[in-house]
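So the structure is just underneath, and the comments pick up after that.
Derivation of every value follows stated rules applied to the coordinates shown; laboratory data play no part. All values derive from a computational prediction rather than experimental measurement. Note that each Cβ is placed from the backbone with ideal geometry, even for glycine, and that neighbours are counted across all protein chains shown.
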């Protein structure tokens with residue numbers, strides 16, 4: 001006789017995701033996340049957060065944090081996230097995130113968190129001098145997701161391990177409190193092109209806001225001339241564009257540029273290679289740069305317009321925070337009851 005499977009979660013199909021307000025957003029953020037977020041609005045109830053509590057784990061300038069939050073929110077809206085269809089807000093405006101994170105700190109096991117490879121990557125040799133927040137932020141990330149009982153999370157491959165931790169925490173909470181379907185076990189949404197955009201200078205490294213070289217990335221605010229210059233100077237090799245996917249093996253930088261072209265045009269890699277295979281980069285790179293500029297220039301212009309109207313942005317974020325709290329507060333009240341916390 002086998003144990004019966006746990007009951008399935010019956011709540012709404014809800015997406016949660018967020019970005020940190022550190023430095024500027026780039027092409028990887030757009031193709032790997034924002035472009036997908038916009039489409040998810042057609043299928044899910046979506047909650048998109050600017051995660052400023054995560055940002056302070058690395059100690060950004062407090063004077064610029066609020067403006068960074070606005071800039072990220074502007075990018076969301078400019079890319080096509082509709083505040084009338086989705087919830088857009090700043091994490092610290094909903095204090096239940098930190099309350100649930102503490103409860104989850106008492107659910108998660110040290111061994112689980114110690115296995116998170118991103119902490120090791122970020123802390124490097126200075127792990128003992130890193131903040132507890134940097135070590136513990138995957139638990140806060142679990143609270144971000146489960147505070148809204150999100151069922152799906154669009155993530156890159158590098159965040160998939162953190163989502164597994166969220167599932168482990170949800171499962172243990174449900175088991176420990178005899179509430180089998182209280183929290184859903186969130187599923188990753190990682191399929192589709194553009195999930196991992198690499199540096200223009202080094203195809204073995206992910207495109208990053210923290211890379212010291214601005215030539216390594218296409219910023220969402222770059223103009224057409226800057227995009228053209230960066231793509232023309234992007235690292236490739238002396239051989240032509242291959243005619244098949246097999247020809248991309250061992251050519252990480254070329255594979256990255258072809259993948260970018262496929263993602264930005266929403267075509268397959270095979271289709272891009274059928275068009276450009278056998279041609280030199282003197283043909284391919286200008287075509288890619290023009291395609292990127294036509295896609296990003298309207299977004300950059302809308303970001304500039306939104307960033308110039310802080311009152312309108314703040315109104316969007318205030319409305320989003322109110323909507324987020326309307327979901328979070330009743331769920332947090334249930335959590336307190338389940339855990340047995342004091343009720344005044």
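Shape verdict for the range 214-305, please, from the Cα gyration tensor: rounded (a/c under 1.5), prolate (a/b greater than b/c) or oblate.
Cα axes put the range 214-305 in the prolate bin.
What residue among 103, 87, 145 shows peak mean-square fluctuation when the chain is described by a Gaussian network model with Cα springs under 10 Å?
103
Return the single residue from 275, 290, 63 with maximal mean-square fluctuation; model: Gaussian network over the chain, springs between Cα atoms under 10 Å.
Checking each option, the largest mean-square fluctuation is seen for 63.
Using r as the Cβ-Cβ distance of residue 279 and residue 84, and R0 as 45 Å, what FRET efficiency do you calculate, to the nearest 0.05?
0.55
Provide the FRET efficiency to the nearest 0.05 for the residue 302-residue 237 pair, computing r from the beta carbons and using R0 = 45 Å.
0.80
In terms of the ratio Rg/(2.2 N^0.38 Å) built on C-alpha atoms, what value belongs to the range 263-344?
2.05
In degrees, nearest 10, range 0 to 90: what is the angle between the Cα axis of helix 310-339 and the longest Cα principal axis of the chain?
The helix 310-339 is inclined about 40 degrees to the chain.
So what is the calculated 222 nm ellipticity per residue for the chain, using -39500 (n - 2.57) for each DSSP H run with n of 4 or more, over all residues, to the nearest 500 deg cm²/dmol?
One gets -15500 deg cm²/dmol as the mean residue ellipticity at 222 nm.
Restricted to Cα positions, what overall size does the range 208-263 have along the principal axes? Three whole-Å values, descending.
34, 23, 22
At 0.36 nm per residue, and after removing the present C-alpha to C-alpha distance, how many nm does the segment from residue 311 to residue 268 gain when stretched out fully?
Additional length available on full extension: 11.4 nm.
What is the helix-to-structure angle for 160-176, meaning the angle in degrees between its Cα long axis and the longest Cα principal axis of the chain, kept from 0 to 90 and rounded to the nearest 10?
For helix 160-176, the angle is close to 10 degrees.
Tell me the angle of helix 62-79 to the major Cα principal axis of the chain, expressed in degrees between 0 and 90 and rounded to the nearest ten.
Helix 62-79 sits roughly 70 degrees off the main axis of the chain.
So for each of 148-161, 276-289, 26-39 I average, over its residues, the number of other beta carbons within 10 Å; can you give me the resulting order with the highest mean first?
26-39, 148-161, 276-289
Only one of the listed values, [x] 69, 57, 44; [y] 74, 47, 41; [z] 69, 44, 43, was derived from the coordinates as Cα extents along the principal axes in Å; which label is it?
It is the value labelled [x].
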